[in-house]
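Below is one structure; the comments refer to it alone.
The values are calculated or read from the model by the stated rules, or taken from the named source; none is laboratory data. This is a predicted model, so every value here is computed, not measured. Note: ideal-geometry Cβ built from the backbone for every residue, glycine included; neighbour counts use all protein chains shown.
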Amino acid sequence: MGVVDDRSADLAAVEAARAGDAAAFAGLVEPHRGELRVHCYRMLGSFDEAEDLVQETFLLAWRGFAGFTATGRWSVRAWLYRIATNACLNVLTRTPRRVLPAQLGPAGDPHLPLRPPVDHPWLQPFPDQMLPEIPSADAGPEATAVSRETIELAFLASIQLLPPRQRAALILRDVLGWPARDVAAAIEQSVASVNSALQRARATLQEHLPQRRIEWGPVSEPTDEERQVLSRYMAAHENSDAAELARVLSADVRGSMPPHVTWFEGRAAVLVASRKGFDPASPQYTGRLRTVATRANGQPAAACYAWDEAAGEFRAFSLDVLRVIDGEITEIVSFGPDRFPSFDLPVVAPDR
């Protein structure tokens, strides 16, 4: 049997669901909600759309469950993945790929004003508290549902460069570990076509993934090193301390702020831009900041709140997702305050 032939579903529950028992159906599909959300997020690069696609997957599965058989080719889990994958492929036929600013043009000059925000399908961050619980490595196929590198922003940004069916084939085969024949059946392609798509997809990722990358491994709790770097990053911003910020940045750090197209490359450039935010005399002064530690995409993140003088409170300003390697920050992606609700972060900073 292939990896996707996990026969864990209760046969009695399957029969009850086929007969129209909504509670039995919910009991079969709800345990897979978390990993399906991650799967749709990988496919689409959008947390919001992933939420919608999981709901659509369950609706389609409910409508077609009378035709499902527990002794057929697919387990309930694999059948849901098949539905979700094809629902995502349908969405991708009519929507542009989601990107980060560095994929749209060369790095900007930090001495110049930021280019205005652009209404573009930007890549969205994924809150760690929404990741499914990861079982031990010997627990079966679910153990491969979420791996650290394949949820990081660098991987998500790179995989969005793939054509939709290449993307689906690579996720099902290399991330989830499905056999090629099951991937082919799921996306209605021949095995030869799947293998060809995989070869092209792997070559593209090899070209675009960062050179300094970690091995694909399970998402884990933040390391002491990550906590320390995040704490220093947060303190530097709360204290407007550019010197301390410089000490935690790698020489080749990248900084971007979607929906602004402008992005910066290198420690010097990021510091020039940051000092503008720290300087009360600068037109780009952000005001006093308060920060809250969080996690996104298996990476440390800081929720930043800027002081609103009129309101007399610290209000949501940015969600900074950090990539930390060897004790240094190699990438900062600052998302807007519209991402706070999906992280269950308040609009107004909590009291200390």
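Okay, here's what the table says:
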read-out: Subset tally (residues that are aliphatic (A, V, I, L, M) and over 30 Å from Ile329 (Cβ atoms)) for the stretch 171-211; value: 13
read-out: Arg77 being over 17 Å from the mean Cα position of the chain (by Cα), outside the structural domain of Asn297 (by TED's automatic domain parsing) and over 30 Å from Arg18 (Cα atoms); value: no
read-out: Number of the condition not met by Arg227 [criteria: (1) under 21 Å from the mean Cα position of the chain (by Cα); (2) surrounded by 15 or more Cβ atoms within 10 Å (Cβ to Cβ)]; value: (2)
read-out: Any helices (runs of 4 or more DSSP H) falling wholly within the stretch 1-91 and containing at least 2 residues that are crowded, with 20+ Cβ neighbours inside 10 Å and either among the basic types (Lys, Arg) or at pLDDT 95 or above (or both); value: 22-29, 33-44, 47-64
read-out: Failed condition for Val253, given (1) assigned to a strand (DSSP E or B); (2) in contact with a Phe, Trp or Tyr (Cβ under 8 Å, 6 or more places away or on another chain); (3) β-branched (Val, Ile, Thr); value: (2)
read-out: Unique residue being modelled with pLDDT of 95 or more and either within 22 Å of Gln124 (Cα to Cα) or surrounded by 21 or more Cβ atoms within 10 Å (Cβ to Cβ) (or both) when the list is Pro300, Pro218; value: Pro300
read-out: Condition check for Thr57: within 23 Å of Ile171 (Cβ to Cβ), in contact with a Leu (Cβ under 7 Å, 6 or more places away or on another chain) and of a type in the set (S, T, N, Q); value: yes
read-out: Yes/no for Leu114 being touching a strand residue (DSSP E or B) at 6+ places or on another chain (Cβ under 6 Å) and more than 24 Å from Arg18 (Cβ to Cβ); value: yes
read-out: Restricting the stretch 323-352 to residues that are acidic (Asp, Glu) and surrounded by fewer than 12 Cβ atoms within 10 Å (Cβ to Cβ), the residue that is nearest to Pro300 (Cα to Cα); value: Asp326
read-out: Number of the condition not met by Pro96 [criteria: (1) touching a residue at least 40 places away in the same chain (Cβ under 8 Å); (2) assigned to a loop (DSSP other than H, G, I, E, B); (3) farther than 23 Å from Pro179 by Cα; (4) not basic (Lys, Arg)]; value: (1)
read-out: Residue satisfying condition, being at pLDDT 80 or above and closer than 28 Å to Ala293 by Cα, within set Ala154, Ala186, Ala145; value: Ala154
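Yes or no, residue by residue, for (1) surrounded by fewer than 17 Cβ atoms within 10 Å (Cβ to Cβ); (2) part of a loop (DSSP other than H, G, I, E, B); (3) on the phi > 0 side of the Ramachandran plot; (4) over 19 Å from the mean Cα position of the chain (by Cα):
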| residue | (1), (2), (3), (4) |
| --- | --- |
| Ser158 | no, no, no, no |
| Leu161 | yes, yes, no, no |
| Ala168 | no, no, no, no |
| Val183 | no, no, no, yes |
| Ser196 | yes, no, no, yes |
| Gln199 | yes, no, no, yes |
| Ala203 | yes, no, no, yes |
| Glu207 | yes, no, no, yes |
